[in-house]
Amino acid sequence: MSKLNKKEIIKVLETIAVYLEIKGENSFKVSAYRKAANALERDERTIEEIKDPAALQGIGKGTGAIIQELIDTGQANLLSKLVEELPDGLLPLLKVPNLGGKKIGKLYQELQVVDVETLRKACEDKKVQKLAGFGEKTEEKILAALQDFGKRPERLTIAQMIPVAELVKSWLNEIEGIIRYELAGSFRRGRETVKDLDFILSTDDPTAVGEQIVAIKNIKGVIGHGDTKISVEFQFDDLIVPADFRMVKDDEFATTLHHFTGSKDHNVMMRQRAKARGEKISEYGVEIEETEEVKTFETEADFFKHFGLQYIPPEVREGKEEISIFEKKHKLLEEEDIKSDLHMHTTWSDGAHSIEEMIEACRNRGYNHIAITDHSKFLKVANGLTVERLKRQHEEIRTINEGLKNFTVFTGIEMDILPDGSLDYEDELLEQVDFVIASIHSGFQQDVKTIMKRLKNAMENPHVDMIAHPTGRVIGRRTGYPVDFEELIELALKTDTILELNANPNRLDLSAEWVKEAQAAGAKIAVNTDAHRYETLDHMSIGVKTARRGWLKKENVVNTWSTKKLTEFLNKRR
């Protein structure tokens, strides 16, 4: 087995091309690595199935050897050498709008720009505008972009925080003296952006545990080190993540966890409920005012039960209607309710793994069925499927299905809604596809009327089953295109089209707010990962968290259905 999947190898080849471009190597050499990356991208096989990469058109002897080295070792010596040769500060400049490898190379070679500061000075000294291919306006744009460049955002996206949180958890698992721990705060509540990480730990020896915490890897600085609270900043490349570790006795753990999970408004409501009973809630327990006894709890469920409430999930602790609703049993969607994932990609388009590998990963998750939904032909950058390739893939899926027991793979496609509102395939072809997703990947600058006309045209097509990531947003990076949500939900009801909650933590689209509105109106929703590699099937958990923030119930989620029920629904729509 390869140490890297095909997608990762493609990324290395593209990175080498950028480094060579910055270094000023000739364009033919740079182009060779980009051509090799494109050749792998176009090939429908996994890297394991490609026996001889050098035999592919577009891959020469030199690039073939690099690919083989990556397959054998997971590394490329050429890339390591290039990283050593070039200043560290150059690569972050790729994040500056309008700067690619070629322009950075020109700045480096001709103006000795090596980082943000030297680039800023070169712009201020009017040197950049004199370079061929730049000009005064480009210089002004670069300088404007550098005003906010490198500034620490007040809040980080959940996508940035998830890998950090998982890493810190793995380190805490190695620390001696911790009885139990939990991540609290807005991260636990599933917010889209998070200010910091709040860990609650129970221990009988906070001094010893504290000494081990401050010795954790990647700590940039210790902000505070008290007897029961430690504040640090972690650094991962250019990402700085603040974190607090609060240490309490184990009998105080549940109430401390509840307190620091929040939200502030939820805690106010709980304190009001306690006050009406002659009690006070603190982070250490519940004080009975009449006797001054402090009552503690084994779990948060016990804490809520004390106040006559069912367990209130963290995702809905926002100080709104959760207390009155959870006076009675109220069940939200759980991850174990999910029976399928209806949006994923394979090596046939821009995915990292084969159809068979995605099937195996989904079966291991306990799913009953999936839909393979590679990109359509309009999205050439994602190696979208031509009509001929789509038919060939679906024939292969039908053959695979014949050998499967108790599992079904639906043929599918993620089809582009084109800028003029038309669909990427004709109806004659779509009627042969089990599950058709329609998506917008272009024309984001169009006005809301034009966008809604495009969505309406797709949703009124009887072969379109679902609208994916309905706003096209990327959290913290792109607001997406303008959508009239009321009209979107109305169209979903009228046409019986499923709306997606895309579980990719960069998207979470629909947002929790609109999930709630869609459910209230009676629209059908699917929670899908849009996985481009089998590891990201795990994003289902954050998708479910967002669904719960939108109070989504199992009965309104299409991919909690049985295979039979989904099949009947799809057939009825046809």
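Data for the structure
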| item | result |
| --- | --- |
| Scan of the stretch 236-282 for residues that are basic (Lys, Arg), within 33 Å of the chain's Cα centre (by Cα) and loosely packed, with under 14 Cβ neighbours inside 10 Å, ordered by number | 264 |
| Selection from the stretch 323-369 of residues that are more than 22 Å from the chain's Cα centre (by Cα) and either hydroxyl-bearing (Ser, Thr, Tyr) or crowded, with 21+ Cβ neighbours inside 10 Å (or both) | 324, 369 |
| Test: residue in the stretch 178-201 that is touching a Leu at 6+ places or on another chain (Cβ under 9 Å), exposed (fewer than 15 other Cβ atoms within 10 Å of the Cβ) and of a type in the set (Val, Ile, Thr) | yes |
| Of all residues in the stretch 1-20 being touching a helix residue (DSSP H, G or I) at 6+ places or on another chain (Cβ under 6 Å) and outside any helix (DSSP H, G or I), the one that is farthest from residue 74 (Cα to Cα) | 2 |
| Breaking point among (1) more than 26 Å from the chain's Cα centre (by Cα); (2) over 28 Å from residue 565 (Cα atoms), for residue 425 | (2) |
| Meets criteria (of a type in the set (S, T, N, Q) and surrounded by fewer than 17 Cβ atoms within 10 Å (Cβ to Cβ)) for residue 98 | yes |
| Test: residue in the stretch 417-424 that is surrounded by 21 or more Cβ atoms within 10 Å (Cβ to Cβ) and closer than 21 Å to residue 47 by Cα | no |
| Matching residues in the stretch 497-536 - criterion: being small (Gly, Ala, Ser) and closer than 23 Å to residue 478 by Cβ | 503, 511, 512, 518, 526, 531 |
| Residue in the stretch 265-283 that is within 26 Å of residue 159 (Cβ to Cβ) and in contact (Cβ under 8 Å) with a residue 12 or more places away in the chain present | yes |
| Whichever residue in the stretch 428-439 is among the acidic types (Asp, Glu) and within 18 Å of residue 388 (Cβ to Cβ) and, among such residues, is surrounded by the most Cβ atoms within 10 Å (Cβ to Cβ) | 431 |
| Qualifying residue in the stretch 50-72 (condition: under 25 Å from residue 134 (Cβ atoms), in a helix (DSSP H, G or I), among the polar types (S, T, N, Q) and free of Cβ contacts under 8 Å to residues at least 40 places away in the same chain) | no |
| Boolean, residue 551 is farther than 18 Å from residue 408 by Cα, in a loop (DSSP other than H, G, I, E, B) and at pLDDT 95 or above | yes |
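The values are calculated or read from the model by the stated rules, or taken from the named source; none is laboratory data. What you are looking at is a predicted structure, and each value in this text was computed from that prediction instead of being measured. Reconstructed Cβ throughout: ideal geometry from the backbone, glycine too, with neighbour counts over all protein chains shown.
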